[in-house]
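The numbers here are math on the coordinates, done by the rules we state, and not lab data. Predicted model only: the values in this text are computed from it and were never measured. Every residue, glycine among them, receives a Cβ derived from its backbone with ideal geometry; neighbour counts consider all protein chains shown.
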Amino acid sequence: MNPYVSRGLWWVGAVSSVLIALVSYRYFVPAIPVPPNLSANAMAHPWLWVHAGLGATSLLLGPWQFMPRVRARWPRVHGWIGRIYVFSAIVGGIAGLLLASGTTAGPIARAGFGLLAIVSVGIAANGLRLAMVGRYAEHREWMFRSFALIFGAVLLRVYLPLAQAMGLDFMTAYRAISWLAWVPNLIVAELYLRYASFRRPIPRPA
Ligand code: HEM
């Protein structure tokens, strides 16, 4: 891919991720009420806070891990941010699975969010395993897949208002988006890894 295009996409992704992450920390501001449809989630206490806090952290940290300069200059920083990212993605994903089981949006949304949780926890864990055994080229690919799924949190918050602007029924759109926010991302990530990324070996950090 043209480096200007990939840098531009990275910036759009990074800025939108940071914005949505910061907005998601609002659950820790006691003055801001939890929307009724979410407090009705049978698993909201305490998992909504575990999930929103850790989900937001993975979204906030993820983009910087793909900056080659940071990886090359400060491999230890990359390693520590990576550990926090993986912890947040895995524990936040497990909390997401619990929330999926308690959603008030019905079986389609339960299945969409539930499968997203299982797939994203598995992918993040595999990415961590590959780094631990020094298979850095594959590690980078699996972490790319992982962030493509985490980025679904941004897309969900873009698609929902879009669906409302199009006059679609909220619940119908919500159920569809529980799948549309992540399945296409995984397909696009796979196509990118196969056809567009530069497949160069990553040297083991000193
Ligand atoms: C990766 C897998 C993820 C899964 C499976 C997942 C699943 C869920 C589920 C099931 C709910 C409750 C929905 C309901 O009750 O109808 C929820 C809400 C929420 N999630 Fe996630 N989520 C994921 C990633 C993220 C990420 C990366 C963030 C980062 C911002 C995030 C932030 C939130 C927030 C803030 C809420 C509360 C609703 C809102 O304010 O929009 N989630 N998530």
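Per-structure values
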item: Convex hull per residue volume in Å³, alpha carbons only, for the chain; result: 124
item: Overall Cα dimensions of the stretch 93-206, principal axis frame, Å, largest first; result: 53, 29, 19
item: Relative packing of 76-83, 59-66, which averages over residues the other C-beta atoms within 10 Å, highest first; result: 59-66, 76-83
item: Modelled FRET efficiency - R0 41 Å, residue 22 with residue 135, Cβ distances, 0.05 increments; result: 0.75
item: C-alpha long axis of helix 44-61 to longest principal axis of the chain, angle in °; result: 30
item: Protection-proxy order for peptides 30-36, 161-167, 133-139, each taking the mean of Cβ atoms within 10 Å per residue, highest first; result: 133-139, 161-167, 30-36
item: Relative packing of peptides 87-100, 176-189 - highest average C-beta neighbours within 10 Å first; result: 87-100, 176-189
